[in-house]
1. Within the range 91-99, identify whether any single residue is within 14 Å of ligand 1 (Cβ to nearest atom) and buried (at least 24 other Cβ atoms within 10 Å of the Cβ), and answer yes or no.
2. Which condition does Ala67 not pass, out of (1) part of a helix (DSSP H, G or I); (2) more than 16 Å from ligand 2 (Cβ to nearest atom); (3) buried (at least 18 other Cβ atoms within 10 Å of the Cβ), if it passes all the others?
3. For residues that are assigned to a loop (DSSP other than H, G, I, E, B), more than 11 Å from ligand 1 (Cβ to nearest atom) and of a type in the set (Asp, Glu), tally how many sit in the range 234-291.
4. Quick one: count up the residues across the range 1-41 that are under 23 Å from Gly52 (Cα atoms), among the basic types (Lys, Arg) and not in a helix (DSSP H, G or I).
5. Just one of the numbered conditions (1) at negative phi; (2) modelled with pLDDT under 95; (3) open to solvent by 40 Å² or more (accessible area, probe 1.4 Å) is not true of Gly140; which one?
6. Please go through the range 121-139 and give me each residue that is near ligand 1 (Cβ under 9 Å from one of its atoms) and within 10 Å of Gly103 (Cα to Cα), ordered by number.
7. Does at least one position in the range 290-310 carry a residue that is among the aliphatic types (A, V, I, L, M) and open to solvent by less than 20 Å² (accessible area, probe 1.4 Å)?
8. Under 6 Å between Cβ atoms, which residue pairs at least 6 apart in sequence (or on different chains) link something in the range 247-261 that is free of Cβ contacts under 8 Å to residues at least 24 places away in the same chain and within 11 Å of ligand 2 (Cβ to nearest atom) with a partner that is open to solvent by less than 10 Å² (accessible area, probe 1.4 Å) and of a type in the set (A, V, I, L, M, F, W, C)?
Amino acid sequence: MHAQYGGVVPELASRAHMQNIVPVVDAALKEAKCNIKDIDAIAFTQAPGLIGALLVGAQFAKSLSLALDKPLIAVHHMQAHVLANLIDDPKPEFPFLCLTVSGGHTQIVLCNSPTDLKVIGQTIDDAAGEAFDKTAKILGLPYPGGPLIDKYAKEGNAKAYKFPEPHIAGLDFSFSGLKTSILYFLQNAGTSTVFKETFTATEEERKTFIENNLADICASVQNRIVSILLNKLKKAAEQTGIKNICIAGGVSANSGLRNGVKAIGEKEGWNIFIPAFQYCTDNAAMIAITGYYKFLEKDFSDLSVKPSAKAEW
Ligand code: KG4
Ligand code: ZN
């Protein structure tokens, strides 16, 4: 639905939520061989996200909670990404660190319990998923570009081109400089260093360069995004002394990151946890597992709870 526009169109997303929410809940209950009366509580995504879509979910959850007289549980999307690691066995022991990388967020989270989470590092500009998607856009690939870069990278040489690593203090990340350097690099059709700002290539030369070197460009970009992420994760593990390490969020579906975290984990003696592929990108199971842990603590919301596009942690 959104691919033809090169990104998510909020109004279309909101309408699609309205059209699909009843049949989707119905299908989920059938697949789980569950009756609506078996449900103990209704969890929903309260924040952050596109407000039009969040409103549909929140309104539906409130109505269901009222109709069934069951508790309502508001869930933070980023907490849910982290807790996706608690869906399957083996589960990480607390405390653990989670590198949460999605389309809108890049965070290192210190997790002391399912409900005691602290963000100890985050991006100061673009998210890692955005770096993938924006690179894909520059390369002329359709949205969302992350999975396509992953696919082409598998056939490329990750050392073909060297993109710069930003020097950001502490455990924070930055990806906007990388995006600019990729743009310059392509506008020079690979004929100069990535820093050169005078654009020497014609449109035709740029296109031909991309066509002939797509796999190597994707592999090199992915390699740099992954190394930025893993260098900070390593720093966080050293600073906290924590060796239970998880990854989460849409970008944790990336094969370069999955392999990279396993390799560094072996070297550093970490216990690595990676959610099953279907629990990496946005999914309802991660909202449900977070709802479960909040249910145990009776952390319920009343009907005045409002969804929010942005939410601080
Ligand atoms: O967590 P998510 O599904 O939605 C948000 O909360 O944003 O993450 C979506 C992001 C997108 O930027 C998408 O390109 C990226 O995750 N993504 C990937 C891969 N699969 C999804 N990035 C790189 N490689 C992948 N295999
Ligand atoms: Zn997400």
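1. First pass over the range 91-99, keeping only residues within 14 Å of ligand 1 (Cβ to nearest atom): 98-99.
From what is left, the residues that are buried (at least 24 other Cβ atoms within 10 Å of the Cβ) are 98-99.
Among the residues of the range 91-99, at least one is within 14 Å of ligand 1 (Cβ to nearest atom) and buried (at least 24 other Cβ atoms within 10 Å of the Cβ), which makes the answer yes.
2. Status for Ala67: all satisfied but (3).
3. 0
4. Qualifying residue count, the range 1-41: 0.
5. It fails just one condition, (1).
6. Ala127, Ala128, Gly129, Glu130, Ala131, Phe132, Asp133
7. The first filter runs over the range 290-310 and keeps only residues among the aliphatic types (A, V, I, L, M), leaving 296, 303, 305, 309.
From what is left, the residues that are open to solvent by less than 20 Å² (accessible area, probe 1.4 Å) are none.
Within the range 290-310, none of the residues are among the aliphatic types (A, V, I, L, M) and open to solvent by less than 20 Å² (accessible area, probe 1.4 Å).
8. Close Cβ pairs satisfying both conditions: none exist.
The values are calculated or read from the model by the stated rules, or taken from the named source; none is laboratory data. All values reported here derive from a predicted model rather than from experimental measurement. For neighbour counting, all protein chains shown are included, and Cβ atoms are generated from backbone atoms with ideal geometry for every residue, glycine included. These area figures cover heavy atoms from the full protein model, side chains too; ligands, DNA and RNA do not enter into them. Shrake-Rupley method; radii C 1.70, N 1.55, O 1.52, S 1.80 Å.
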